[in-house]
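Scroll down for the structure; my scribbles are underneath it.
The values are calculated or read from the model by the stated rules, or taken from the named source; none is laboratory data. Computed from a predicted model, the values in this text were never measured in an experiment. For neighbour counting, all protein chains shown are included, and Cβ atoms are generated from backbone atoms with ideal geometry for every residue, glycine included.
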Amino acid sequence: MKKIVLFVIAILLVTANTWAMDFSNDSTTFTREDIKIFPSPCNGLFNIKVNSPNETFTIVVYDILGKEIYRNWGLASGKKYTIDLRYEPILKAIYFAAFTNSQGEKVVKKIVIQPGD
């Protein structure tokens, strides 16, 4: 049974990584390097900063199954934002943050969450 569970988790990770990569566009002017997420790993409280000039953006955080767990929009680039997911029943896992700028360009970054005991 344990091997089956690990196999299913491995399939979900591969599927999630493929899904996340579908959001990225290599020809975009909005790149992964424009986005900083720190600290990593975190306990559910983390900071983001987007350095894309004169942009506003939306962030949506998804769990490994693709369920939306957080959304915020109209954020200005160049500023640091703190996101606190500790009020959610958050699990130790990998999450994905999808950033969309005002031109509709999307970039996805990984967030590693390891909640405290």
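Observations
- Looking only at the range 70-117, and only at residues there that are in a loop (DSSP other than H, G, I, E, B) and among the acidic types (Asp, Glu), the one that is farthest from THR58 (Cα to Cα): ASP117
- Scan of the range 27-62 for residues that are at pLDDT 95 or above, under 15 Å from LYS106 (Cβ atoms) and of a type in the set (S, T, N, Q), ordered by number: THR58
- PHE30 meets all of the listed conditions (1) buried (at least 18 other Cβ atoms within 10 Å of the Cβ); (2) without any contact (Cβ under 8 Å) to a residue 60 or more places away in the chain; (3) in a loop (DSSP other than H, G, I, E, B) but one, namely (2).
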